[in-house]
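Take a look at the structure below.
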Amino acid sequence: MSPPGELRIRSIGTDPAAFTRFYREHVDEVTRFVARRVADPQLAADLTAEVFLAVIDAAAHYRGSFGGPRTWLYGIARNIIAAEFRRSARDSRAESVVAGRRLLDADDVERLVEKIDALRQVREMHAELQALPEGERAVLELVSVDGLTVAEAAAALNIRQVTARVRLHRARQALRPASVQSVVEKEVMS
Amino acid sequence: MTVSKVRPPLGGFERRLEAELVKVVTRRATVPQGPPWRAAMRRPVVQVSVAAGAAAAAAAAVTGLTLGSPAAPAGAGPGTAAGPVHIRTAAFTVDSYSDGTIHVTWDKSRYSQDREGLQQALRAAGFPVLIKEGVFCKGPQDNGHLDPSGVGPGVGEVMKAEQRADGTVVFVFTPSAMPVGEELFIGYLSSSQLAVTYGHPGSVERLVPTGVPLACTTQAPPPGSARPSSKPGVPARQG
């Protein structure tokens, strides 16, 4: 990314106009990223909000990455989802007051449910990946579930490309390819 | 997922979320320091906060050192620290960020004096770690390989050193990159073991499995295989 592009991303956290442009460009992508991983529309709304809050926090630290802001955004979104899964696994606590869900009305819930339903098959596949070691799963998710290239996934995860390739190979070896790859590529093309 | 060339129109939720987030950005632009502007948007993380508070209190109890305010340190790097864990002692600082990373700074002359406090703080922030001094552990299947700076395979993906603009070094820990069933082991050299680093404070880092007995020894790693502590203005080697 060119320096002006980097500066534009860095200003997201303090420039409402810059943030608005970024948000409108990526909100649908983020919502779909979340909907591929969670089936509850309320939680999906919470997590979408948290991803953008994290973007606001982290923007000043943006230093460019292979694939540009998109891979950076995917890295953040993945961390938010991973943190949510760790919370759920650790304490199964009941969710309390949450910003994202407060913003939902009945129509929004219906739209989110439609989006979530459309991604059910991919989400089931995503659940299958949970048996893989974390590092391998992360690469396979981003490449197969989210459609990133291996180089973009490596950038999103802040690992070397060769490491990403090795992990992807291992992950694919560990899974039966037919159940995973075909489903995903159909979604990626949609 | 593909990037749509034609963006769909924003729905009601997306418009309302945009409005709320723009308020956050606007407030942040006018109040650049401290996390209170996040309070209205963040989900409460009561249990984590309690754990963080307990860890901070424990650290203070162990060390007798002071704890700072929950606000982010000035010039902390990635915007404002807004995660639930912010711990200050005279030996180290630990701040968790909403992007999932944990930023740690430490005083190289003091950090090994409060290894239990640092261990508690990192664990409270969600990073699995085991810190010892003068003892070096590895998993039963680990061949013991360390690179020349004393770092084992995989460590660089969960812990990196970054240099700030002011020349200080911040260590960035990424819990989500930690392989399931493993934790980071940090072994500080004791004062009697500093020959391997020619007298400088140093440490060994490697990933070890959890839930199984580790093979530990008090024998220092051979010269050239322990990481000298980062010097002010000089980042430690990125594993």
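The values are calculated or read from the model by the stated rules, or taken from the named source; none is laboratory data. The model shown is predicted, which means the values in this text are computed figures rather than measured ones. Cβ sites come from the backbone with ideal geometry, for glycine too, and all protein chains shown count toward neighbours. When the accessible area is computed, the model is the full protein with side chains, heavy atoms only, and any ligands, DNA or RNA have been set aside. Shrake-Rupley method; radii C 1.70, N 1.55, O 1.52, S 1.80 Å.
Can you pull out the residues in the range B:112-141 that are among the acidic types (Asp, Glu) and open to solvent by 40 Å² or more (accessible area, probe 1.4 Å)? Walk me through how you get there before you give the answer.
Filtering the range B:112-141 down to residues among the acidic types (Asp, Glu) leaves B:114, B:116, B:133.
Result: B:Glu116, B:Glu133.
Quick one: count up the residues across the range B:126-155 that are within 12 Å of chain A (Cβ to nearest Cβ) and either touching a helix residue (DSSP H, G or I) at 6+ places or on another chain (Cβ under 6 Å) or at pLDDT below 85 (or both).
From the range B:126-155, those within 12 Å of chain A (Cβ to nearest Cβ) are B:126-128, B:153-154; that's our starting set.
From what is left, the residues that are either touching a helix residue (DSSP H, G or I) at 6+ places or on another chain (Cβ under 6 Å) or at pLDDT below 85 (or both) are B:126-127.
Qualifying residue count for the region: 2.
Here A:Phe85 does not qualify as open to solvent by less than 10 Å² (accessible area, probe 1.4 Å) and of a type outside the set (Lys, Arg).
Considering (1) away from chain B (no Cβ under 11 Å); (2) at pLDDT 75 or above; (3) within 15 Å of the chain's Cα centre (by Cα), the lone condition that A:Ala138 does not fulfil carries the number (1). Taking the range A:113-135 as the range and being within 16 Å of the chain's Cα centre (by Cα) and open to solvent by less than 20 Å² (accessible area, probe 1.4 Å) as the test, the residues that pass are A:Ile116, A:Leu119, A:Val122, A:Met125, A:His126, A:Leu129, A:Glu134, A:Gly135. Being surrounded by fewer than 23 Cβ atoms within 10 Å (Cβ to Cβ) and among the small types (Gly, Ala, Ser) is the requirement here; does A:Ala138 meet it? The answer is no for A:Ala138. Scan the range B:172-201 residue by residue and report those that are under 21 Å from B:Val135 (Cβ atoms) and either at pLDDT 85 or above or in a strand (DSSP E or B) (or both). Once the filter is applied, which keeps residues that are under 21 Å from B:Val135 (Cβ atoms) and either at pLDDT 85 or above or in a strand (DSSP E or B) (or both), the range B:172-201 yields B:Glu182, B:Glu183, B:Leu184, B:Phe185, B:Ile186, B:Gly187, B:Tyr188. Checking each residue in the range A:59-85 for being of a type in the set (Gly, Ala, Ser) and either more than 9 Å from every other protein chain (Cβ to nearest Cβ) or touching a Phe, Trp or Tyr at 6+ places or on another chain (Cβ under 7 Å) (or both) picks out A:Gly64, A:Ser65, A:Gly67, A:Gly68, A:Ala77. Residue pairs whose Cβ atoms lie under 6 Å apart, separated by 6 or more positions or on different chains, with the first residue in the range A:141-163 and outside the structural domain of A:Tyr74 (by TED's automatic domain parsing) and in contact (Cβ under 8 Å) with a residue 60 or more places away in the chain and the second open to solvent by 10 Å² or more (accessible area, probe 1.4 Å) and aromatic (Phe, Trp, Tyr), are A:Ala151/A:Phe66; A:Ala155/A:Phe66. In the range A:11-27, the condition of being in a helix (DSSP H, G or I), β-branched (Val, Ile, Thr) and open to solvent by 10 Å² or more (accessible area, probe 1.4 Å) is met by at least one residue.
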